[in-house]
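**Q** One structure, pasted below without further comment.
The values are calculated or read from the model by the stated rules, or taken from the named source; none is laboratory data. From a predicted model like this one, the values you see are computed outputs, not experimental measurements. Note that we place each Cβ from the backbone using ideal geometry, even for glycine, and neighbour counts take in every protein chain shown. Heavy atoms of the whole protein, side chains included, go into the accessibility calculation; ligands, DNA and RNA do not. Shrake-Rupley method; radii C 1.70, N 1.55, O 1.52, S 1.80 Å.
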Amino acid sequence: MIGQPVTRTEDPVLLRGEGRYTDDVNAAGQAYAYIVRSSHAHGLLRGIDFQRQKRCPGVLAIYTAQDLAAYGPHKCALDFKQRDGTPMKKPIRKSLTADKVRFVGDPVACVVAETYVQAKDAAEAVELDIEPLRR
């Protein structure tokens, strides 16, 4: 009936603290990833210095946009149409930015390590050379 509350089946489990999340799942030998993000709202990404961090304890890899270039941008498998029936415009969406940061938090690199703390520590030490832009 319109205006009546809808009972949600997941609420009792979550309210009791019994929800199961992906962070609750652990596997033997799993690795952890931490994303290096832009601290600038708009700027040109001139460089990423991570060579020292690659040698940090537990660090398995550090990836940048160049490492992922062969995989191409994210794919959209759905064929949405606009109101007039023409195909939807599909902007190019990449996992990591390569040239220009467009918002604070724009993902720039990904650090993979044996533990979460190792990944976070190495990611926080990565140095970004970003030339801020006004427009």
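**Q** What base-10 log of the normalised intensity I(q)/I(0) is obtained for the stretch 16-87 from the Debye formula, alpha carbons as equal point scatterers, at q = 0.13, 0.17, 0.18, 0.24 Å⁻¹?
**A** -0.79, -1.01, -1.04, -1.21
**Q** Which order do HIS74, HIS42 take by accessible area at a 1.4 Å probe, largest first? Don't skip to the end; give the middle numbers.
**A** Details: HIS74 110, HIS42 45 Å².
Order by accessible area, largest first: HIS74, HIS42.
**Q** Please give the FRET efficiency for ALA33 paired with ARG134, using the beta carbon to beta carbon distance and R0 = 35 Å, rounded to the nearest 0.05. Walk me through the numbers before you get to the answer.
**A** On the way: r = 33 Å, r/R0 = 0.94.
About 0.60, to the nearest 0.05.
**Q** What is the log10 of I(q)/I(0) for the stretch 55-135, computed with the Debye formula using one identical point scatterer on each Cα and no solvent, at q = 0.12, 0.16, 0.25 Å⁻¹?
**A** -0.52, -0.78, -1.20
**Q** Counting only the heavy atoms of the protein chains, how much of GLU10 is accessible to a 1.4 Å probe, in Å² to the nearest 10?
**A** 80
**Q** What accessible area per residue comes out for the chain, rounded to a whole number of Å², with a 1.4 Å probe?
**A** Numbers: 10510 Å² over 135 residues.
For the chain, the per-residue accessible area is 78 Å².
**Q** Okay, next question. Show me, for the stretch 28-34, the HN-Hα J-couplings you get by feeding each phi into the Karplus relation (A = 6.51, B = -1.76, C = 1.60, θ = phi - 60°), rounded to Hz, glycine and proline as x.
**A** 4, x, 5, 10, 10, 10, 9
**Q** Once you keep just the Cα pairs under 8 angstrom separated by 6 or more residues, what percentage relative contact order results for the chain?
**A** 43 percent.
**Q** Report the dimensions of the chain along its three principal axes from the alpha-carbon atoms, largest first, rounded to Å.
**A** If we take the Cα atoms of the chain, the spans are 61, 48, 30 Å.
**Q** Report the charge-dipole magnitude of the chain in Debye, nearest 20, computed about the Cα centre from +1 at each Lys and Arg Cβ and -1 at each Asp and Glu Cβ.
**A** The calculation lands at about 640 debye.
**Q** Here is a further query. What accessible area, in Å² to the nearest ten, does a 1.4 Å probe give for LYS81?
**A** It works out to around 120 Å².
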